[in-house]
Amino acid sequence: MVDHLTRIFVDAEGDRASDLAGALALRGFTVATASGRLVADSTTVEAGEVKGHLRSLGYADREYRVHVEYARRWGFL
Amino acid sequence: MATSSAAALLPWHRREDTWAVFIALGLVLGVTLAFFLGGGRAVSATAIAIPTWSEGHKLASALSANPFAPLALFGLFLAAFSGAAMVLGWSAGRYAAGFSLLFAFSIVVTALGSNAFLKEWQLETPLLALAVGIVLGNAVRLPGWFQSALRTEFYVKVGIVLMGATLPFSIILQAGPLAIAQATIVAVTTFAAIYFAATRLFGLDPRFGATLGAGGSICGVSAAIAIGGACRAEKSHVSVAISMVILWAVAMIFALPYASRLLGLAPGVAGAWIGTSEFADAAGFAAAGTIGDERAIKTFTLMKVVGRDMFVGVWAVVVAYLSVTRWDRGNAGAAEKVGLGEIWRRFPRFILGFLAASLFVTVVLASIDSTSGTQYAKEAIGPLKTLRGWAFTWTFLSIGFTTRFRELTRFGWRPFAAFTVGVLVNVPLGYWLSTSVFESYWLAVK
């Protein structure tokens with residue numbers, strides 16, 4: 001019924017940011033730079049899943065922000 | 001996926017809201033210009049309204065009075081919608097073919113819905129359009145090119161912006177705060193009822209509870225999507241919440257107008273109740289349209305669009321904050337940041353078009369003398385009301401054709417029970433507020 005996009009804005013800085021982006025890329029995210037900040041997108045990985053993964057790698061929640069966008073598929077009221 | 005999934009992240013010119021606003025405001029400006037430049041007759045001829053009829057020859061003579069009118073109406077919207085389809089990335093050719101058939105259906109159901117006998121049985125255009133769509137959509141496999149024209153959200157947004165042109169801004173200013181007060185009482189109570197039933201009674205995840213609560217209390221599927229995203233609910237939870245909204249919204253299209261008539265409610269009060277207790281905009285317009293009185297549509301719009309839809313962004317921020325501070329188990333260190341930018345990001349942009357249309361027409365009326373004002377109301381606002389009616393008819397047909405009951409059955413009893421608790425709170429509370437607490441205000445809306 002819905003499509004989704006999980007977008008991670010990396011707030012960490014320096015090598016920490018690059019490492020975090022690398023971890024996201026390995027998880028299947030597409031990483032790009034927007035306005036001087038690393039942004040990672042995935043349409044298959046859900047927010048809870050990636051957050052658990054980043055925590056298991058030792059990244060604190062404050063080092064990134066998660067945006068989730070759902071969009072209704074065709075035909076739903 | 002990229003384009004459809006990231007709808008809220010698309011540039012402004014690739015969003016459905018933008019084009020719904022452009023097309024509707026373009027119509028408002030065009031009709032107003034035509035009025036001042038002496039082209040009112042061409043507008044009246046294009047915005048065809050089918051009169052109530054009881055004998056076939058009366059309908060035939062009404063249609064043959066200006067045989068080119070349906071073609072002009074069709075051409076106008078086909079050009080506008082197909083142009084938007086190209087920019088939005090839909091297949092314009094398939095869309096145009098599908099819209100042609102949808103338009104033909106709309107002529108048939110509008111003609112039938114104007115029949116005196118069917119009107120007596122309360123089978124007016126909104127219900128007929130829904131019934132035709134539901135029966136055919138569930139019984140026949142619809143061709144892909146036709147499905148591409150079934151854009152419920154797009155048509156209802158065009159209709160809502162046109163609605164703004166027929167609702168003076170002074171009414172929005174007067175009744176708006178009241179609508180916001182009534183909507184807030186009901187939305188907070190219903191959200192809390194569904195959320196606590198889901199989490200405390202039925203042991204569902206808090207994010208799932210919040211998504212169900214939003215669908216049942218704020219603005220239906222749009223709210224389930226916005227709040228589901230804000231609190232990072234699972235995709236499957238958002239889908240179940242959408243199923244709940246659609247099931248109850250379709251049921252309420254029939255139940256609320258029926259109950260309003262049975263209880264002898266005045267049109268304005270019935271519209272306010274529907275605006276408080278219906279779950280989706282498109283479904284609500286169908287239910288309010290079934291009352292068969294313009295006052296019901298006005299009070300419905302005030303309650304639903306001004307009172308409820310506008311605040312989905314505020315709800316999103318609150319729920320996002322709760323999500324990262326309360327519901328996020330295993331929070332590693334300090335919680336994530338939640339920005340107030342969420343309010344604007346989730347704001348339904350078509351509401352700006354609705355307010356702009358209302359403000360524009362109010363300013364036009366205020367700047368001309370009363371005789372010209374009366375003429376403007378008849379020759380410009382009248383046709384805009386008729387065009388709005390056609391946009392809503394395409395909406396109702398699209399709801400019917402796209403409501404596939406077999407696709408709405410994949411949910412467990414617990415989310416259904418939690419949502420039903422919300423319905424049991426929302427409907428009587430909305431009735432009491434509309435008929436007792438705020439009745440005099442709704443009766444005053446003309």
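The values are calculated or read from the model by the stated rules, or taken from the named source; none is laboratory data. Note that this is a predicted model, so its numbers are computed, not measured. Neighbour counts run over all protein chains shown; Cβ positions are idealised from the backbone, glycine included.
Of all the numbered requirements in (1) under 12 Å from the mean Cα position of the chain (by Cα); (2) within 29 Å of residue B:148 (Cβ to Cβ); (3) of a type in the set (Lys, Arg); (4) within 7 Å of chain B (Cβ to nearest Cβ), residue A:65 misses one, and that requirement is (2). When the criteria are applied in full, residue A:55 fails the requirement of being more than 11 Å from the chain's Cα centre (by Cα), closer than 29 Å to residue B:247 by Cβ and surrounded by fewer than 20 Cβ atoms within 10 Å (Cβ to Cβ). Among the residues here, residue B:222 qualifies as under 14 Å from the mean Cα position of the chain (by Cα), surrounded by fewer than 24 Cβ atoms within 10 Å (Cβ to Cβ) and within 14 Å of chain A (Cβ to nearest Cβ). A Cβ distance below 7 Å, combined with a sequence gap of six or more or placement on separate chains, defines the contacts here; from the range B:167-178, residues that are on the phi < 0 side of the Ramachandran plot reach residues that are aromatic (Phe, Trp, Tyr) and buried (at least 19 other Cβ atoms within 10 Å of the Cβ) in the pairs B:175/B:441; B:178/B:438; B:178/B:441.
Having 2 or more residues that are exposed (fewer than 15 other Cβ atoms within 10 Å of the Cβ) and within 14 Å of chain A (Cβ to nearest Cβ) is the bar; report the helices (runs of 4 or more DSSP H) wholly within the range B:311-372 that clear it.
On the way: elements: B:312-322, B:341-345, B:350-366.
Correct list: B:341-345.
Test residue B:381 against the stated conditions and say whether it is part of a helix (DSSP H, G or I), under 25 Å from residue B:307 (Cα atoms) and out of contact with any helix residue (DSSP H, G or I) (no Cβ under 6 Å at 6 or more places or on another chain). Against the criterion (part of a helix (DSSP H, G or I), under 25 Å from residue B:307 (Cα atoms) and out of contact with any helix residue (DSSP H, G or I) (no Cβ under 6 Å at 6 or more places or on another chain)), residue B:381 qualifies.
Would a scan of the range B:65-77 turn up a residue that is surrounded by fewer than 16 Cβ atoms within 10 Å (Cβ to Cβ), closer than 21 Å to residue B:151 by Cα and within 14 Å of another protein chain (Cβ to nearest Cβ)? No; the residues of the range B:65-77 include none that is surrounded by fewer than 16 Cβ atoms within 10 Å (Cβ to Cβ), closer than 21 Å to residue B:151 by Cα and within 14 Å of another protein chain (Cβ to nearest Cβ). Considering only the range A:22-53, how many residues are out of contact with any strand residue (DSSP E or B) (no Cβ under 7 Å at 6 or more places or on another chain) and within 8 Å of another protein chain (Cβ to nearest Cβ)? Number of matching residues: 2.
Taking the residues in the range B:136-182 that are assigned to a helix (DSSP H, G or I) and charged (D, E, K, R) as candidates, determine which candidate is surrounded by the most Cβ atoms within 10 Å (Cβ to Cβ). Residue satisfying both the conditions and the ranking: B:157. Tell me, which residue of the range B:120-134 that is outside any loop (DSSP other than H, G, I, E, B) and free of Cβ contacts under 8 Å to residues at least 60 places away in the same chain is farthest from the other protein chains (Cβ to nearest Cβ)? Top of the filtered list is B:120. Among the conditions (1) in contact with a Leu (Cβ under 7 Å, 6 or more places away or on another chain); (2) hydroxyl-bearing (Ser, Thr, Tyr); (3) more than 30 Å from residue B:154 (Cβ to Cβ), the only one that residue A:56 does not satisfy is (1).
Every listed requirement among (1) surrounded by fewer than 24 Cβ atoms within 10 Å (Cβ to Cβ); (2) within 11 Å of another protein chain (Cβ to nearest Cβ) is met by residue B:240 save one, (1). Tell me, which residue of the range B:126-169 that is of a type in the set (Lys, Arg) and out of contact with any helix residue (DSSP H, G or I) (no Cβ under 6 Å at 6 or more places or on another chain) is farthest from residue B:250 (Cα to Cα)? The extreme case among them is B:141.
Set side by side, the residues A:32, A:40 differ, and just one is surrounded by 18 or more Cβ atoms within 10 Å (Cβ to Cβ) and either of a type in the set (Lys, Arg) or modelled with pLDDT of 90 or more (or both), which is A:40.
Only one of the listed residues (B:275, B:271, B:284, B:307) is crowded, with 23+ Cβ neighbours inside 10 Å and within 11 Å of chain A (Cβ to nearest Cβ). That residue is B:284. Restricting attention to the range B:255-268, the residues being surrounded by fewer than 24 Cβ atoms within 10 Å (Cβ to Cβ) and assigned to a helix (DSSP H, G or I) number 6.
Just one of the listed residues (B:106, B:82) is out of contact with any Asp or Glu (no Cβ under 8 Å at 6 or more places or on another chain) and in contact (Cβ under 8 Å) with a residue 40 or more places away in the chain, namely B:106.
Would you confirm whether or not the range B:386-396 contains a residue that is of a type outside the set (D, E, K, R), farther than 30 Å from residue B:35 by Cβ, surrounded by 24 or more Cβ atoms within 10 Å (Cβ to Cβ) and at pLDDT 95 or above? Looking for residues that are of a type outside the set (D, E, K, R), farther than 30 Å from residue B:35 by Cβ, surrounded by 24 or more Cβ atoms within 10 Å (Cβ to Cβ) and at pLDDT 95 or above, one finds none in the range B:386-396, hence no.
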